[in-house]
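In what follows, a structure is listed as structure tokens, so that the remarks can point back to it.
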Amino acid sequence: MELLEFKNKVLKLCNVKETKDIGNVLMETVLNHNEDLYNKYLKIVDDTKDWLQALWQYYEADRTNKKQDYTPKSLCNLVSALAGNCNCFYDCCGGSGALSIDMLKKHEQIQNVYVEELDENVIPFLLFNLCLHNASGFVVNGNVLTKEKIKAYRLLRGQKYSVVIEVQDLNTLKDIENIPLDVSISNPPYNIKWQPPTPLEMDSRFPVIPPASNANYAFVLHCLHRATNKAILILPNGIASQRTESEVRKYLIDNDLIETVISMPNNMFECTNIATCIMVLNKNKNSKGKVTLIHSVENCVTEVREQNGQFGGKSHTNRTYKKKYNVLSDENIQKILDAIENQQEIKQFSVIKTNEQIAEKKYMLAPSMYFEVDIEDFTDTQHRDFQQIADNINYISRMQNSCKLVINETIAKQLGFDVDLYKQSKENSKSVKEQMKPLGIDIEVEDYIQFTKNKNEFVFKCNDKEILPEILIQFLSVWENQIALLNTMQNQYLAELRDALLPDLMSGKIQLNEVMKNENT
């Protein structure tokens, strides 16, 4: 089934015309325990994909402000495998429920779930998904970092689907939060700013304080606090090496809380190309004083997702677009699990390092930093196909080229750009491409900066038809805030101008046309 086809089926099932109205119907369904709609929904889907997640992510998710990128299926599979057997778990920033659903599928003995999610608009999708799997536990709409609770729902196991009851007294949740949860899992929003709690000594979650500029480790420490055993999080790769977070990594290593760090390939998510890693923290480690570091970037397979255009005329909606994704196969996942369980060191894949060795590396946790260079590798005739290596190089080049800066040359020099160096780099790139052509190897040319003579020209633009640069999305948020501020200031001055003109307008001394009269100030 294709997404547009699924959307139309769900719109018909819910008897609504727009996707934004589906959530209201799903919420009515779970609160009224409408088994008829559950049954009809299951008839239009298969078990190969979380279709509600796909629908929400494409049509309703907010990537700009809320950093909503939902978890791919193969990462869900790895997280639930790493979690192992447990009776109850906590899902931090649960979204539409992908991680929770996979846990429920893989671990039938689970008795209770506790899911928290900030976005109230996705809560109906989350509840509906959990009810389909007859889950028991709680769903809380709230901010996990500030502990603010907006609404909460109790799920009771029914004959076939969960029964949902809205919690009327949110104060009762304080007792529930103290119930031991075996495992925490999370794919939190990446690289968002946060406000550390004050006074800090009153919040036992944060024995060391993550920087306000980045909440990644705030989520890590929060999840670790909630779990009696393990905390497993999908995080951006930067958490392994950013200097601003080194004190948090130091605390976690010195207290022997990190069990495993696994580097993942980029291009696994549908709406962002960001490379991620999985961090496993364990309060009851078997491998005392050691960390398993796994570099699984090359150990993946490529899948192609086919999807018709979702908007516009038939020329678009009847056209099938293809996009490639990196996916962890079952064999990839098993190799990772075996390396962890058996404490295996596999060349260029996994290493076991002591906490002291990691401390010597200034608490850096990027697995690739710990691989030793074997001189014999340079004389080994066995290597990957040249174009496969070039494809990896080209992917990096394409990431660079996806966001292009067009700038006046004089301004660039004033801002400290080494214009000649950038120009030479581009020429070198062209030269490499020409040199590789006779060998049948295709190399991308650098195209991420252009110098012009146009006065004051200074433009960042998307330079790729398929890749939406992450930096432009981040810039958009800053731009929106700036425009909102300027609009507020503009409205204040317009109001001042209106009040100044009002006496002359009332007296007829000044006449304005209808457009000005109707100007919304």
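The values are calculated or read from the model by the stated rules, or taken from the named source; none is laboratory data. Being a predicted model, the structure only gives us computed values, none of them experimental. Every residue, glycine among them, receives a Cβ derived from its backbone with ideal geometry; neighbour counts consider all protein chains shown. Heavy atoms of the whole protein, side chains included, go into the accessibility calculation; ligands, DNA and RNA do not. Shrake-Rupley method; radii C 1.70, N 1.55, O 1.52, S 1.80 Å.
Assorted remarks:
- Ordering of 433-442, 94-103 by packing [mean C-beta count within 10 Å, highest first]: 94-103, 433-442
- When the helices of the chain are scored as -39500 (n - 2.57) per DSSP H run of n ≥ 4 and the total is divided over every residue, the value at 222 nm lands at -12000 deg cm²/dmol.
- Each Lys and Arg contributes +1 and each Asp and Glu -1, all at the Cβ; summed about the Cα centre of the chain, the dipole is approximately 640 debye.
- Label-to-label distance, nm, for residues given as L468 and N428 (7 Å Cα→Cβ offset): 3.4
- Take every DSSP beta bridge whose two residues both sit in the chain; close to 60 percent of them are antiparallel.
- Surrounding net charge for I358, when Lys and Arg each add one and Asp and Glu each subtract one, Cβ distance under 13 Å: +1
- Rounded to the nearest 20, the Cβ-based charge dipole of the range 170-295 about its Cα centre (Lys and Arg +1, Asp and Glu -1) stands at 240 debye.
- Solvent-accessible surface of the chain, averaged per residue with a 1.4 angstrom probe and all protein chains in place: 53 square angstrom.
- With every protein chain in place, the chain: carbon and sulfur % of accessible area (1.4 Å): 50
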